[in-house]
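*Asks:* Pasting a structure below so you can have a look.
Rule-based calculations on the coordinates, nothing more; no lab input. Note that the structure is a prediction, hence the values are computed from the model and not measured. Positions of Cβ are backbone-derived with ideal geometry, glycine not excepted, and every protein chain shown enters the neighbour counts.
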Amino acid sequence: MDNSPQLFQYVLSGLSNGAIYALIGFGFAIIYNATGIINFAQGEFVMLGGMLTLFFLVFLSFPLIPAIVLAILISTVIGIAFERLAIRPLKNATPLSMVIITIGASILIRGIAMLIWGKDTHAVPAFSGNDPLYIAGATILPQHIWIFAITLLIIAANKIFFNYSIVGKAMRACAYNSQAASLVGINVKTMVLLSFVISSAIGSMAGIIIAPLTMTSFDVGIMLGLKGFCAVIIGGMSSGLGTIMGGLLLGLLESLGAGYISASYKDAIAFIILLLILFVRPEGLFKQKETERV
Amino acid sequence: MLKKMLGLVVSMMVVGLMAGSSFAAPPIKIGALFSVSGPASFLGEPERNTAEMMVDEINKAGGIKGRKLELIVYDTQADATKAVQAANKLIKDDKVVAIIGPSTTGDTMAIIPVVEKAEIPLVSCAAGIKITDPVKKWVFKTAQNDALAVARIFDYLKKQKIAKIAILTVSDGFGSSGREQLVAQAGKFGIQIISDETYGPKDTDMTAQLTKIRSGGAQAVVCWGTNPGPAVVARNVQQLGIKLPLYMSHGVSSLKFIDLAGPAAEGIILPSGRVVVANHLPKNDPQKKALLNYVDNYKKHYKVEGDHFGGHAYDAIMLIKGAIERGGDSPAAIRDQLEKTSKFAGIGGTFSYSSQDHAGLTSDAFVLVQIKNKGWTLLK
């Protein structure tokens, strides 16, 4: 029996999930590099992206593009409020208490979302239809193509922003050494705020593009957030190639594991990888290639 | 949410006032345990709503022999510890004469020792077969056994001359109980399970399992789970271009599933209580009157369609009402009369309890329905 279409299908499914993990991982990395904390509320921005899009698109009957733009804007505003109200007032707290605060914030955001939108799962319409496309014996939905395209676009935009724009360079400077950065006149606080803006926007975008495939509910952020966290750990907390590779690798291993070993171990695979990396190579799989973090 | 809570408070006050103002006998207290919040809220919420609606109805119509009913509801959150605490509270503090619920098999199994010790009749709204098998003196149930649903599907598959199937079950209580029954009964119907796959309750992509199933050579796929997983399965089946007929469990027989799965739901066949096809039933169906009455009433009160989960609570309340009418309101009398219930046409089916059978239903409690044009059609 020819197994290649089957393998190809696993690879396609894995890569599309992996792209989402990579985007969520990006959000973790950007905030980590600016502030040194791991923002466990990152998954909630993914949830907010999906739920807000659904809210504008289905309940208020907005067209797709304005619904998406509004969803990203509101998620970003929530990200800013989060930084202003919960992170900035505690600038000198230990990283541990900061991490606990982000966990608290994630529970709060999830609880509010549940009160507003209820506990049900909701279907979000696909951007451009549900007719599968056939590629070499495997199938793919138009939405997958959107996911790949938007992920690539965001990665490219990030690269350009951090490497060529003055603000992006300033953010990298803060990540490298925030004291030195403030000495040369960079407003570190603004850069921290900006990191929350960027990561909540990317997180919500990830939530928006995946929602038509997986549907959305108030609690999708937990699992997606953890998977994104795995991706960024594999990538060694970099917001560059490492996290992208980490996300794709995680998605692939999950999908191949579910296909060839057993689907029962799908989530276990992600967390075994996470533990292995933390034990054996806490600096990430791809570290040697990069000398700086952002 | 707030509105609902206000409504609850107001209705409780109204019930309280009515009870207080009527100088007749004190109300008959019935306890209810439902998983109104938490992972099984899709069961508990309609059950709670239905029970409250029915008690209101009964009281408006003059109560039972002139005595009002008082319903005391606690939320178990599908947590066995909370269920046991709440059951103790109902029995010791509230002094109820009977308990309906809990919504899940886990909660029910946890409180069985409590009600048996206190000798209070329990009418569970959960489906697990072990609740009433072996028969326990004080425990009855209204939800249909999984075994009946499985038998209904296999019977149909056999008629369609389908002998090789793939099963895809969710790895939670509902799914593993369904899987057990699917595996146990397959042989009896001459059906061979050639792929046996599972998925996690929170999984959002089942293409890997389905790709494996596709290459396995099955003639049909049977998926056992509750929302949202099966909707993802239906969408993935369409995405992968799998042309095999797809069967689901009664766990998704609500409009919510059709809404979630969208066009991918078309053509899916599943066993369901009669409630979703109440309008299509033949006139001589004994349940038709109760079903139409329930569906209309629920829609009037809560603006959404009543589903068959709420129906379990309807049946529990009506069974207890019948028992009190016949034998009075002592817990022992209620138990004895419940056991004598015969041919009560409710929502879940036509119940006949006996000292050997506290589940009370046969496989005709299920009908097979097919999803067509975003609605249900009855399969003959």
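*Asks:* I'd like the distance separating the alpha-carbon centroids of region A:61-112 and region B:178-251, in whole Å.
*Replies:* 38 Å
*Asks:* Further question on the same structure: Pairs on different chains or at least eight residues apart, Cα atoms closer than 27 Å: how many lysine pairs in region A:8-288 fit?
*Replies:* Going through region A:8-288 pair by pair, I get 13.
*Asks:* By counting other Cβ atoms within 10 Å of each Cβ, how are B:M248, B:M109 ranked from fewest to most?
*Replies:* Taking fewest neighbouring Cβ atoms as first place, the list is B:M109, B:M248.
*Asks:* Can you pull the mean other chain C-beta count within 10 Å for peptide B:195-208?
*Replies:* Average per residue, whole number: 6.
*Asks:* Quick query: amide H of B:A98 versus all other amide H atoms, modeled in the peptide plane; which residues come in under 5 Å with a sequence gap of 5 or more or a different chain?
*Replies:* B:G31
*Asks:* Still on this structure, I have one more. Give me a comma-separated list of calculated 3J(HN,Hα) values for region B:234-245, in order, Karplus coefficients 6.51, -1.76, 1.60 applied at θ = phi - 60°, integers in Hz, x for any Gly or Pro.
*Replies:* 4, 5, 5, 4, 5, 4, 7, x, 7, 9, 5, x
*Asks:* Under the classification rounded if a/c is under 1.5, otherwise prolate if a/b is larger than b/c and oblate if not, where does region B:147-272 fall, given a ≥ b ≥ c as square roots of the Cα gyration tensor eigenvalues?
*Replies:* Verdict is rounded for region B:147-272.
*Asks:* List B:R235, B:R335, B:R326 from most exposed to least, where exposure is judged by having the fewest other Cβ atoms within 10 Å.
*Replies:* Numbers: B:R235 27, B:R335 20, B:R326 14.
Fewest to most other Cβ atoms nearby, the residues stand as B:R326, B:R335, B:R235.
*Asks:* Here's a follow-up. Express in % the proportion of alpha carbon pairs of region A:182-293 at distances exceeding 21 Å.
*Replies:* Details: 2983 of 6216 pairs.
Tail of P(r) above 21 Å: 48 percent of Cα pairs.
*Asks:* Now, a different point. Would you mind calculating the gained length between B:D155 and B:E325 on full extension (0.36 nm times residue separation, minus the Cα-Cα distance), in nm to one decimal? All intermediate terms of the calculation are to be shown ahead of the outcome.
*Replies:* Numbers: separation 170, 0.36 × 170 = 61.20 nm, distance 3.89 nm.
In short, 57.3 nm is gained.
*Asks:* Rounded to two decimals, what is the ratio between the C-alpha radius of gyration of region A:8-288 and 2.2 N^0.38 Å?
*Replies:* Normalised by 2.2 N^0.38 Å, the Cα Rg of region A:8-288 equals 0.98.
*Asks:* If a paramagnetic tag sat 7 Å from the Cα of B:S215 along the Cα-Cβ line, which residues of region A:248-290 would have the backbone N under 17 Å from that point?
*Replies:* Answer for this model: A:252-264.
*Asks:* Check B:I347: other-chain or 5+ apart residues with amide H under 5 Å from its amide H, H built from backbone geometry?
*Replies:* Under 5 Å from the amide H of B:I347: B:D315.
*Asks:* Then there's this: Can you give the helix-only mean residue ellipticity at 222 nm for chain B, where every DSSP H stretch with n ≥ 4 adds -39500 (n - 2.57) and the sum goes over all residues, rounded to the nearest 500 deg cm²/dmol?
*Replies:* Details: 12 runs with 165 residues, N = 380.
Theoretical 222 nm ellipticity from helices: -14000 deg cm²/dmol.
*Asks:* Residues with amide H under 5 Å of B:L379's amide H, sequence separation 5 or more or different chain, H placed in the peptide plane at 1.01 Å from N; which?
*Replies:* Those qualifying (amide H under 5 Å, at least 5 residues apart or on another chain) are B:L368, B:V369, B:Q370.
*Asks:* Under a cut-off of 19 Å between alpha-carbon atoms, report the aspartates and glutamates in cross-link reach of B:K68, not counting same-chain residues fewer than 8 places apart.
*Replies:* Excluding near neighbours in sequence, the set is B:E52, B:D56, B:E57, B:D94, B:D315, B:E325, B:D329.
*Asks:* Taking every DSSP beta bridge with both residues inside the protein assembly as shown, roughly what % is antiparallel (nearest 5)?
*Replies:* 35 percent
*Asks:* Can you list the HN-Hα couplings for region A:13-23, worked out from phi with the Karplus curve (6.51, -1.76, 1.60; θ = phi - 60°), rounded to whole Hz and with x for Gly and Pro?
*Replies:* For region A:13-23, the Karplus-derived couplings read 4, x, 5, 6, 5, x, 4, 5, 4, 5, 4 Hz, x marking Gly and Pro.
*Asks:* Same structure again: Quick one: what are the phi-derived ³J(HN,Hα) couplings along region A:111-120, Karplus 6.51/-1.76/1.60 with θ = phi - 60°, whole Hz, x for glycine and proline?
*Replies:* x, 5, 4, 5, 5, 6, 9, x, 9, 6
*Asks:* Now a separate question. For a quick check: sort B:R214, B:R274, A:R88 by the number of other beta carbons within 10 angstrom, fewest at the front.
*Replies:* Ranking B:R214, B:R274, A:R88 by Cβ neighbours within 10 Å, fewest first, gives A:R88, B:R214, B:R274.
*Asks:* Further question: List the trypsin sites (Lys or Arg not before Pro) within region B:93-180 that fall in a DSSP loop (any state other than H, G, I, E or B) and whose Cβ has at most 10 other Cβ atoms within 10 Å.
*Replies:* For trypsin sites (Lys or Arg not before Pro) across region B:93-180 that sit outside H, G, I, E and B with at most 10 neighbouring Cβ atoms in 10 Å, the list reads B:K161.
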